[in-house]
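Student: Have a look at the structure that comes next, please.
The values are calculated or read from the model by the stated rules, or taken from the named source; none is laboratory data. In this text the structure is predicted, and so the values were computed from the model without any measurement. Positions of Cβ are generated from backbone atoms using ideal geometry, with glycine treated the same way; all protein chains shown enter the neighbour counts. Ligands, DNA and RNA are stripped out before the accessible areas are found, and what is left, the full protein with its side chains, is counted by its heavy atoms. Shrake-Rupley method; radii C 1.70, N 1.55, O 1.52, S 1.80 Å.
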Amino acid sequence: MLYHLHELQHAIMTPARLQAELVRSAFQSPWNPMSYTQAGRSIAASAEMVERATRRFGRPNFGLDETRIDGRKVDVVENIIVEKPFCRLLNFQRKTKRKDPTVLVVAPMSGHYATLLRGTVKALLPHHNVYITDWEDARQVPMAEGEFSLDTYITYLREFMSLLGPQTHVIGVCQPVVPVLAAVSLMASDDDPNQPLSMTLMGGPIDTRVSKTEVTELAETRPLKCFDQSLRYDVQFFYPGSHRKVYPGFLQLGGFMSMNLDRHVGSYMKFYQHLIEGDGDSAEAHRKFYNEYLSVMDIPAEFYLQTVETVFQRHLL
């Protein structure tokens with residue numbers, strides 16, 4: 001029901017969003033004399049605030065078309081190496097003959113897209129052959145493709161690392177540190193010749209009994225049935241993944257924002273002032289950050305629930 005209400009609200013707000021976009025365009029047009037006045041900028045700013053508050057932000061692009069190596073500009077091409085139902089393995093191919101180390105960046109499946117690690121990929125590109133896991137929005141995956149659990153996640157990682165070979169360095173950022181460690185451990189126990197050369201785990205909960213946070217305490221103290229009943233919803237019929245059970249991205253986003261609500265409200269107030277003052281650079285920096293931050297994806301419910309039970313409640317690693 002909650003998923004249905006969310007979609008209904010988005011549909012109801014469509015006329016207001018389109019009207020706000022029209023007003024914003026009119027009062028930002030260089031042909032409109034009002035656009036050069038504070039009153040005109042105030043109207044345009046108010047309209048943009050309404051438009052952004054009612055918009056649904058789509059999947060971002062990495063947009064990494066070039067890098068600099070030894071002071072020279074080098075073109076970069078984004079290639080799909082493997083395409084599986086719930087994930088694509090991407091490679092940022094540099095137009096150079098350098099034989100740099102291969103790095104697999106495992107992006108989190110926690111509500112945001114892999115593009116959230118754009119800065120990490122950009123920093124690695126000058127000296128590495130970079131691959132990244134690009135997870136799919138669960139509402140876009142048909143039911144015929146089956147379920148996606150934590151076990152499936154680990155299997156995907158093993159397949160990707162086996163494909164890239166034993167000279168690969170793997171980096172797990174935030175959520176995937178547990179499945180990365182599990183996949184590498186399984187490869188080591190099987191004496192897999194393709195186990196990675198190194199493993200780096202960054203900012204993720206391996207043993208959640210140590211350095212507790214509000215999130216880990218919530219996951220530990222609530223019964224799994226509570227998460228099942230309150231956070232699992234059916235994808236609506238008009239999406240490819242119709243009737244798939246998911247943890248909706250908009251719920252995850254709401255949780256993220258509520259933890260730092262004052263900061264987000266303050267950021268939007270500054271954004272409004274920048275628009276009125278005509279500070280285009282500051283306004284664009286806000287748009288760039290929040291266009292990414294507000295782009296969310298649904299997570300397979302079975303993966304979410306198994307992660308809560310395995311990592312946060314039973315500590316099975």
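Student: On alpha-carbon atoms, Rg over Rh for the range 44-110 using Kirkwood Rh?
Tutor: Across the range 44-110, the Cα-based Rg/Rh ratio is 1.14.
Student: Pop out the carbon and sulfur fraction of the accessible area of the range 66-145 as a percent, whole number, probe 1.4 Å.
Tutor: Carbon-and-sulfur percentage of accessible area, whole number: 46.
Student: As a quick test, which of the pairs Lys122/Lys225; Lys84/Lys245; Lys84/Lys270 have an alpha carbon distance above 30 angstrom in this structure?
Tutor: Lys122/Lys225; Lys84/Lys270
Student: Just round it to a whole percent: the fraction of Cα-Cα distances in the range 188-280 exceeding 22 Å.
Tutor: 62
Student: By the gyration tensor of its Cα atoms, with a ≥ b ≥ c the square roots of the eigenvalues, what is the shape of the chain: rounded for a/c under 1.5, prolate for a/b over b/c, or oblate?
Tutor: It comes out oblate by the Cα gyration axes.
Student: I've got another one for you. Counting only protein heavy atoms and a 1.4 Å probe, tell me what percentage of the range 175-317's accessible area is made up of carbon and sulfur.
Tutor: That share works out to 56 percent.
Student: Using amide H atoms built 1.01 Å from N in the peptide plane, name the residues 5+ places from Thr168, or on other chains, whose amide H lies under 5 Å from its own.
Tutor: Answer set, sorted by chain and number: Leu197.
Student: Taking every pair of alpha-carbon atoms in the range 62-186, what share in percent sits in each 5 Å bin, from 0 to the bin with the longest distance?
Tutor: Calculated P(r), rounded to whole percents: 2, 10, 22, 23, 19, 12, 7, 3, 1, 0.
Student: Still on this structure: Can you give the extra length, in nm with one decimal, that the chain gains between Glu66 and Ser189 once fully stretched, where that is 0.36 nm per residue apart less the Cα-Cα distance?
Tutor: Computed gain between Glu66 and Ser189 is 40.3 nm.
Student: With an 8 Å Cα cut-off and a minimum separation of 6 or more residues, compute the relative contact order for the chain in percent.
Tutor: 20
Student: Something else now. Regarding the range 235-317, what is the average projected area of its C-alpha convex hull, in nm²?
Tutor: So the Cα hull casts an average projection of 8.0 nm².
Student: Also, I was wondering about something else. For the chain, give the magnitude of the charge dipole about the Cα centre (Cβ charges: +1 Lys/Arg, -1 Asp/Glu; no others), in debye to the nearest 20.
Tutor: 660
Student: Also, I was wondering about something else. Normalised by the empirical 2.2 N^0.38 Å for globular proteins, what value does the Cα Rg of the range 163-317 take?
Tutor: Scaled against compact globular proteins, the figure is 1.33.
Student: When a/c is below 1.5 the answer is rounded, else prolate if a/b is larger than b/c, else oblate, so apply that to the range 1-69 with a ≥ b ≥ c taken from the square roots of the Cα gyration tensor eigenvalues.
Tutor: oblate
Student: Fully extended, how many nm does the chain gain between Asp207 and Leu5 (0.36 nm per residue separation, minus their Cα-Cα distance)?
Tutor: Stretched fully, the Asp207-Leu5 segment lengthens by 69.0 nm.
Student: Where only protein heavy atoms count, and the probe is 1.4 Å, what is the accessible area per residue for the chain in Å²?
Tutor: Accessible surface, normalised per residue, equals 52 Å².
Student: Stokes-Einstein D for the range 1-115 at 37 °C, 0.692 mPa s, Kirkwood Rh over Cα pairs, in µm²/s?
Tutor: For the chosen part, D equals 176 µm²/s.
Student: For a Förster distance of 25 Å, can you work out the FRET efficiency between the beta-carbons of Leu218 and Asp151, rounded to the nearest 0.05?
Tutor: Efficiency at R0 = 25 Å is approximately 0.55.
Student: Another question, then. Can you compute the modelled spin-label distance between Ile81 and Glu309, with each label point 7 Å from Cα toward Cβ, in nm?
Tutor: 3.3
Student: Moving on. Using a/c under 1.5 as the rounded threshold, could you call the range 19-58 rounded, prolate or oblate? The axes a ≥ b ≥ c are square roots of the C-alpha gyration tensor eigenvalues, and prolate needs a/b larger than b/c, oblate otherwise.
Tutor: Here the range 19-58 falls in the prolate category.
Student: For Ala39 paired with Lys95, estimate the spin-label separation in nm (one decimal), with each label point 7 Å from Cα along the Cα-to-Cβ line.
Tutor: Modelled inter-label distance: 5.2 nm.
Student: Ok, one more. Name the aspartates and glutamates eligible as straight-distance cross-link partners of Lys73: C-alpha to C-alpha under 14 Å, and not fewer than 8 places from it in the same chain.
Tutor: Reachable aspartates and glutamates: Asp65.
Student: Subtract the Cα-Cα distance of Phe289 and Gln19 from 0.36 nm times their separation in residues, and report this length gain in nm to one decimal.
Tutor: Roughly 94.8 nm would be gained on extension.
Student: Over all pairs of distinct alpha carbons, what does the Kirkwood formula give as the hydrodynamic radius of the range 152-193, in Å?
Tutor: The Cα-based Kirkwood calculation yields 10.4 Å.
Student: Using packing as a proxy for protection, rank 292-303, 225-236 so that the peptide with the highest average count of other Cβ atoms within 10 Å comes first.
Tutor: Most protected by this proxy first, the peptides run 292-303, 225-236.
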